[in-house]
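*Asks:* Sending over a structure as structure tokens; questions will come in a sec.
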Amino acid sequence: FLYTWAGEAERTGNLSAALQMSGLNVGQESVPGFVDIVRKRLLSSTARISSFENCITEYYAAYIVRRYRPKIIAMFDDGTPHTIYLKHEVEKIGGKLVHIAHGITGDSASFTNFLFHYYFVFGQSSVEAILRQKTRFGTTKLVRTGSYLISPDDTLPVNTQRKTVLFCSTWLPVSVKDILLRNMTLFAEWARAQKDYDVLIKHHPLEDNS
């Protein structure tokens, strides 16, 4: 697993354990910042250099592949520039690059990178959203896998005594913060009007809970 956010490792514990129980070796690595990549010499030469601006990203991809020699590199972030170089490097040893969606895939500009051999999505709504996407970079194979964040053993019995609504917030970049605030305002107004319901709010891990 190659993480672009350190907190991802905590959320993949069940998936990692299940893969190891099936007999697979699972390595975990978090992508450092450019300064740490250079300072720690996490670089390996490669015959293909796209540009001077991207050479560190490319050398880091070569380093990861030569260090682990993986059959599969799984990532949980489809918005990172590392994907194009990781895909190229892992192909050299017959490996595959896989994106595992950590949420429902939408049809906005945030979901345009398909530079993966396989793209795991939650369900049919994600597939339909991707097919509506007019701008797509790269080609991939979509696979409906469900969510790795939910254990098959989890159960959620229906409580017939209480009416409860769970609001799962999503992370949006600062550039569209006004959209997020409008959504929150609409939901808050609706929640205040529902006197007979309990309203629970689950924050996104990257959100400020305040």
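The values are calculated or read from the model by the stated rules, or taken from the named source; none is laboratory data. Here the structure is a predicted model, which means the values were calculated and not measured. All Cβ positions, even for glycine, are placed from backbone atoms using ideal geometry, and neighbour counts span all protein chains on display. Protein only, heavy atoms only, side chains kept; ligands, DNA and RNA dropped before computing areas. Shrake-Rupley method; radii C 1.70, N 1.55, O 1.52, S 1.80 Å.
*Asks:* Can you send over the solvent-accessible area of LEU115, 1.4 Å probe, protein chains only, in Å² to the nearest 10?
*Replies:* Roll a 1.4 Å probe over it and LEU115 shows about 50 Å².
*Asks:* Right, next: Ignoring any ligand, DNA or RNA, what whole percent of the accessible area of segment 45-200 comes from carbon and sulfur when the probe is 1.4 angstrom?
*Replies:* Here carbon and sulfur together make up 57 percent of the probe-accessible area.
*Asks:* Test of understanding: what is the full-extension gain from MET21 to ASP178, defined as 0.36 nm times their sequence separation minus their Cα-Cα distance?
*Replies:* 52.0 nm
*Asks:* What is the extension gain from ARG192 to ALA6, computed as 0.36 nm multiplied by their sequence separation minus the C-alpha to C-alpha distance, in nm to one decimal? Before the final figure, lay out the partial values.
*Replies:* Details: separation 186, 0.36 × 186 = 66.96 nm, distance 3.62 nm.
Contour length minus Cα-Cα distance gives 63.3 nm.
*Asks:* Another one. What FRET efficiency would be calculated for the residue pair SER110, GLN161, taking the C-beta separation as r and a Förster radius of 30 Å, to the nearest 0.05?
*Replies:* 0.15
*Asks:* In degrees, nearest 10, range 0 to 90: what is the angle between the Cα axis of helix 177-193 and the longest Cα principal axis of the chain?
*Replies:* Value to nearest ten degrees: 30.
*Asks:* Sticking with this one: Testing the spin-label approximation: label points 7 Å from Cα along Cα→Cβ at THR145 and GLU91. State their distance in nm.
*Replies:* Going by the 7 Å Cα→Cβ label model, 2.1 nm.
*Asks:* Top mean-square fluctuation among ASN159, ASN25, ASN54, Gaussian network model of the chain, C-alpha springs under 10 Å?
*Replies:* ASN159
*Asks:* Say each of ASP36 and TYR118 gets a label point 7 Å from the Cα, pointing the same way as Cα to Cβ; how far apart are those two points in nm?
*Replies:* Result: 2.9 nm between the two label points.
*Asks:* Same structure, new question: Using Cα centres only, tell me the gap between segment 118-167 and segment 1-40 in whole Å.
*Replies:* Centre-to-centre distance over Cα atoms comes out at 22 Å.
*Asks:* Could you check which residue among ILE73, ILE100, ILE150 shows the biggest mean-square fluctuation in a GNM of the chain with a 10 Å Cα cutoff?
*Replies:* ILE150
*Asks:* Now, a different point. Once R0 is set to 25 Å, what does the formula 1/(1 + (r/R0)^6) return for the Cβ-Cβ distance between GLN133 and GLN28, expressed as a FRET efficiency to the nearest 0.05? Provide the component values of the computation, followed by the final result.
*Replies:* Details: r = 30 Å, r/R0 = 1.20.
E(calc), rounded to 0.05, equals 0.25.
*Asks:* With every protein chain present, what accessible area does ARG69 have (1.4 Å probe, heavy atoms only), rounded to the nearest 10 Å²?
*Replies:* Per-residue accessible area (ARG69): approximately 150 Å².
*Asks:* Further question: To the nearest 20 debye, what is the magnitude of the charge dipole of segment 57-209 about its Cα centre, counting +1 on the Cβ of each Lys and Arg and -1 on the Cβ of each Asp and Glu? Mind dumping the intermediate values first?
*Replies:* Numbers: 19 positive and 15 negative charges, 90 e Å.
The dipole of segment 57-209 has a size of about 440 debye.
*Asks:* Note down the accessible area of MET184, probe 1.4 Å, to the nearest 10 Å².
*Replies:* Accessible surface of MET184 is approximately 60 Å².
*Asks:* In nm, give the distance between the simple-model label positions of ILE201 and LYS71, each being 7 Å from the Cα along the Cα-to-Cβ direction.
*Replies:* Once both label points are built, they end up 4.6 nm from each other.
*Asks:* Determine the alpha carbon to alpha carbon distance for each of LYS71/LYS92; LYS96/LYS141; LYS92/LYS134; LYS40/LYS92; LYS96/LYS134; LYS40/LYS71 and list only those over 19 Å. Please report the intermediate quantities before stating the final value.
*Replies:* Working: LYS71/LYS92 11 Å; LYS96/LYS141 12 Å; LYS92/LYS134 30 Å; LYS40/LYS92 25 Å; LYS96/LYS134 25 Å; LYS40/LYS71 25 Å.
Table pairs above 19 Å Cα-Cα are LYS92/LYS134; LYS40/LYS92; LYS96/LYS134; LYS40/LYS71.
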